[in-house]
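The values are calculated or read from the model by the stated rules, or taken from the named source; none is laboratory data. It should be emphasised that the depicted structure is a prediction, and the values quoted were computed from it without experimental measurement. Positions of Cβ are generated from backbone atoms using ideal geometry, with glycine treated the same way; all protein chains shown enter the neighbour counts. In case anyone asks, the SASA skips ligands and DNA or RNA and just uses the protein heavy atoms, side chains included. Shrake-Rupley method; radii C 1.70, N 1.55, O 1.52, S 1.80 Å.
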Amino acid sequence: MAEAELHSIATWTEIGLAALTFVSLFFVTAPYGRHGRKGWGPEISQRLGWVLMELPACVLWLGIYFAGTHAFELAPLALMALWQLHYVNRTFVFPFRIKAEGKTTPVSIVATAIVFNTLNAYVNARWVSEFGSYPISWLYDARFVIGAVLFVAGFAINQHADQVLMNLRKPGETGYKIPHGGLYRFISCPNYFGEILEWTGWAIATWSLAGLAFTLYTIANLAPRALKHHEWYREKFPNYPTERKALLPFVI
């Protein structure tokens, strides 16, 4: 089997996983974060879990990328920089900023994320540096420009939303509070909205089925969870702002 065919199979597999994930998450809420619960097997520290989960998307992605024929061309390098902007932060910065002392994550969730991120690293890194075609003119193509702007905007939204959540509790405080400020005025999960915007930008910037596959998976993974978060907030806080939507301002 030619590798191009293998890559196509891997890409369509990711799209299939997106459909399966979207349906299943309406019936089973992934047991981590505020939805954490026992009964999912052995657990490890939440901080270590985050690093292990995201490591393939950062480090393995780079290894696959630099094995490609076009790895040192300017446009693929620009795409690589966008990807790594997100995943260096998610792997090596974010886990050490969150208040994770004493919190755990099921090993089963970590293992599932590692498998997906390995698949996704291959699908996207191999496309960008080997199977895709990105001449230097791609850097001023409208698709790249629009996609990059959306990606950076989504990253900024995600960062701000995470910062708001991290600042909710003073040192020594526990429990949850209602977040305010920024897009929290309109939606319960601007961090998820920002991440979806990032990978929508990625799909446009790469103009590829590989990029679209990850965007679809991101939506499939985060949209049902955003709805669960929104429901959780409304149940836990009787004074929760009624005008807030879950994921898309003024829509849902």
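Any idea which residue in the stretch 118-133 is nearest to Pro42 (Cα to Cα), counting only those that are assigned to a helix (DSSP H, G or I) and open to solvent by 10 Å² or more (accessible area, probe 1.4 Å)? Out of the qualifying residues, it is Thr118.
Only one residue in Leu62, Leu85, Leu55, Leu74 is of a type outside the set (Val, Ile, Thr), in contact with a helix residue (DSSP H, G or I) (Cβ under 7 Å, 6 or more places away or on another chain) and under 18 Å from Phe116 (Cβ atoms). Which one? Spell out how you get there, then give the answer.
Working: Leu62 fails: in contact with a helix residue (DSSP H, G or I) (Cβ under 7 Å, 6 or more places away or on another chain); Leu85 fails: under 18 Å from Phe116 (Cβ atoms); Leu74 fails: under 18 Å from Phe116 (Cβ atoms).
The match here is Leu55.
Tallying residues that are in a helix (DSSP H, G or I) and not aliphatic (A, V, I, L, M) within the stretch 94-117 yields 7.
So which residues in the stretch 164-180 are more than 17 Å from Thr242 (Cα to Cα) and either open to solvent by less than 40 Å² (accessible area, probe 1.4 Å) or out of contact with any helix residue (DSSP H, G or I) (no Cβ under 9 Å at 6 or more places or on another chain) (or both), if there are any at all? Give the derivation first.
Step one: list which residues in the stretch 164-180 are more than 17 Å from Thr242 (Cα to Cα), which gives 164-176.
The answer is Val164, Met166, Asn167, Leu168, Arg169, Lys170, Pro171, Gly172, Glu173, Thr174, Gly175.
Annotation: of all residues in the stretch 13-59 being in contact (Cβ under 8 Å) with a residue 24 or more places away in the chain, among the small types (Gly, Ala, Ser) and under 30 Å from Glu130 (Cα atoms), the one that is surrounded by the most Cβ atoms within 10 Å (Cβ to Cβ) is Ala57.
Criterion applied to Leu62, Leu85, Leu77 was being free of Cβ contacts under 8 Å to residues at least 40 places away in the same chain and surrounded by 12 or more Cβ atoms within 10 Å (Cβ to Cβ), and the one residue passing it is Leu77.
From the list Leu183, Leu222, exactly one residue is open to solvent by 10 Å² or more (accessible area, probe 1.4 Å), closer than 29 Å to Leu6 by Cβ, of a type in the set (A, V, I, L, M, F, W, C) and touching a residue at least 12 places away in the same chain (Cβ under 8 Å). Which is it?
Going through Leu183, Leu222 in turn, the sole match is Leu222.
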